[in-house]
Structure formats: C-alpha cells, structure tokens
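Report on the structure given below.
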Amino acid sequence: MNKDIYIHFSKTVDDYDTVADKVVMKNTELHNCLVNSIYFDSRKNLNILDLGSGTGHGMSLILKKFPKAKVTGIDFSHKMIAKSRKKLREFLERVRLIEKDFNEIEFNEKYDAIVSAVAIHNSNHKQKDGLFKKIYNSLNERGLFVNGDFIEGESPEMNEQFRMIYRNFLEKNLSGHELKVWLRHAFEEDMPMALSQQFKLLKEHSFHGLELVWQFNNEVVYVARK
C-alpha cells in the first residue's frame with residue numbers, strides 16, 4: 001500500500017463515517033446499488049468477501065440483505081477494523097475481519113461474490129491487474145465481482161470535467177485543513193483507472209458479462225462474472 005494512502009486513512013482521517021458523504025458523491029446510492037448488484041437469492045448461504053471494508057458500512061448492508069451470508073472484510077487500517085468490529089457486533093457470528101492490505105495477501109477461500117466500495121482506486125495500476133486476477137481465481141463458478149469506485153475519464157477533456165466537478169463537490173462540503181487533506185488525497189495520491197481499461201484487464205483475466213450498472217460523474221458500479 002502506498003505510504004501516503006496508509007497515513008491518510010490510518011492516521012489523518014479521524015472518523016471516516018463522519019466524512020464519507022462529504023467526499024463520495026451519492027455515497028448512499030453507490031453502496032445501495034453495489035449491494036443490489038449482488039445478483040443472488042437473498043435466502044442463499046453465501047460466502048462474500050469485501051475488499052477495503054473500511055468501517056463496515058457496506059458489510060452491514062450485505063449482512064442485512066443476505067441473512068444467511070458469511071462476510072469477510074479486509075482492510076489495512078487498524079482504526080477502520082476496530083470501528084467495523086463495533087458496528088457489526090450483532091452479526092459477529094457471520095463476520096470475519098482481517099487487518100491486511102488486500103493487494104499483499106492471498107485469498108485462501110472460494111467466494112460467491114467479491115465486492116469493493118471506493119477502495120481499489122487507491123491501488124496502482126499494476127496492483128489492480130494482479131488483484132483482478134486474484135479475484136477471478138478466488139470466485140466460485142458463476143461468482144460475481146461487484147466494484148463501486150472512482151474512475152478516470154476516457155479522454156483528457158472528460159477527465160478534466162470529472163476533476164472539476166469533484167473538486168467543486170469537495171470545496172462545497174469541506175474547509176480549512178480538512179479540505180486541503182482531501183484535495184491532496186484526491187488529486188495527488190489517488191490512482192483511478194478508466195472504465196475501459198478496467199474492463200480490458202477483467203476480460204484478459206477471463207471475466208465475462210461485464211456490466212456498468214450505475215454511474216455518476218467519476219463514480220461507477222459495475223459487475224463482472226466468472
């Protein structure tokens with residue numbers, strides 16, 4: 001994990017839950033769309049992996065929608081894992097939390113679905129390639145990868161438009177040192193990848209049925225099938 005990103009989420013950001021809606025446009029809509037894109041019967045016994053599980057918000061939505069599912073969350077931040085454990089205490093018999101960088105560990109189980117919300121853009125492009133391969137190999141047959149994340153524009157002009165809209169959003173919601181921290185993170189530390197590039201990599205790793213299910217400016221939710 002990039003050292004600056006580790007510091008940002010492990011030390012600089014005091015409570016991500018209080019700032020999430022201020023730094024992710026339509027954050028609730030993105031998460032709801034992601035969970036609704038796990039195309040399985042809610043009564044099934046599912047094994048689900050959440051990459052970059054943060055404070056457990058996405059995990060809680062999954063656990064409520066799929067009452068028989070078991071969910072594993074991986075996050076590199078001790079602070080985030082601690083908040084997850086507290087938030088998910090009513091589900092603890094169905095939850096496992098792992099304090100690791102998901103780029104640096106093997107996934108030693110098979111999963112029906114692997115999901116990620118606003119996390120993979122923090123990985124460099126080489127890491128994304130390796131991660132997509134690892135995700136494919138860790139899915140059961142007909143398993144799903146559902147990713148909700150920031151993307152780069154398909155052209156310099158579109159990317160500049162994305163950046164302008166997102167900068168205006170941050171400046172509307174934040175101020176002072178907090179604004180400075182998030183502007184630096186968004187425009188100097190983040191490593192988003194264009195959707196077409198991601199789909200190309202996913203196809204190279206044998207995913208099929210790629211589907212863009214939601215987009216707002218530089219945020220998307222998409223599904224890839226094994």
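The values are calculated or read from the model by the stated rules, or taken from the named source; none is laboratory data. A quick note: this is a predicted structure, and the numbers were derived from the prediction, not measured. Methodologically, a virtual Cβ is constructed for each residue, glycine included, from the backbone with ideal geometry; neighbour enumeration extends over all protein chains shown.
The number of residues in segment 146-186 being modelled with pLDDT under 95 and either within 22 Å of Lys126 (Cα to Cα) or of a type in the set (D, E, K, R) (or both) comes to 5.
Take the conditions (1) surrounded by fewer than 20 Cβ atoms within 10 Å (Cβ to Cβ); (2) touching a Gly at 6+ places or on another chain (Cβ under 7 Å); Ser84 misses just one of them, which is (1).
Inspection of segment 48-59 finds a residue satisfying the criterion of being small (Gly, Ala, Ser), within 14 Å of the chain's Cα centre (by Cα) and in a helix (DSSP H, G or I). Based on this model, can you work out whether Leu212 counts as in a strand (DSSP E or B) and within 18 Å of Met25 (Cβ to Cβ)? Yes. Could you please give the count of residues in segment 87-107 that are exposed (fewer than 14 other Cβ atoms within 10 Å of the Cβ) and either free of Cβ contacts under 8 Å to residues at least 40 places away in the same chain or of a type in the set (Val, Ile, Thr) (or both)? Residues flagged as exposed (fewer than 14 other Cβ atoms within 10 Å of the Cβ) and either free of Cβ contacts under 8 Å to residues at least 40 places away in the same chain or of a type in the set (Val, Ile, Thr) (or both) within segment 87-107 amount to 8. Annotation: of all residues in segment 188-226 being of a type in the set (A, V, I, L, M, F, W, C) and more than 29 Å from Asn168 (Cβ to Cβ), the one that is surrounded by the fewest Cβ atoms within 10 Å (Cβ to Cβ) is Leu210. The C-beta contact set for segment 50-65 (first residue closer than 10 Å to Leu88 by Cβ, second residue of a type in the set (Phe, Trp, Tyr) and surrounded by fewer than 21 Cβ atoms within 10 Å (Cβ to Cβ), distance under 7 angstrom, 6+ apart or interchain) comprises Thr55/Tyr16; Leu63/Phe91. So in segment 119-131, with the set limited to residues that are buried (at least 22 other Cβ atoms within 10 Å of the Cβ) and of a type in the set (A, V, I, L, M, F, W, C), which one is farthest from Phe207 (Cα to Cα)? Filtering segment 119-131 for residues that are buried (at least 22 other Cβ atoms within 10 Å of the Cβ) and of a type in the set (A, V, I, L, M, F, W, C), the one farthest from Phe207 (Cα to Cα) comes out as Ala119. The set of residues from segment 168-187 being surrounded by 15 or more Cβ atoms within 10 Å (Cβ to Cβ) and under 16 Å from Asn217 (Cα atoms) comprises Phe169, Leu170, Ala186.
Residues are listed down the side, and each one gets a yes or a no for (1) outside any helix (DSSP H, G or I); (2) more than 20 Å from the chain's Cα centre (by Cα):
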| residue | (1), (2) |
| --- | --- |
| Leu92 | no, yes |
| Val115 | yes, no |
| Lys133 | no, no |
| Asn159 | no, yes |
| Phe162 | no, no |
| Lys180 | no, yes |
| Leu183 | no, no |
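Being in contact with a Gly (Cβ under 8 Å, 6 or more places away or on another chain) and under 14 Å from Lys128 (Cβ atoms), is that true of even one residue in segment 190-210? Yes, that holds for at least one residue.
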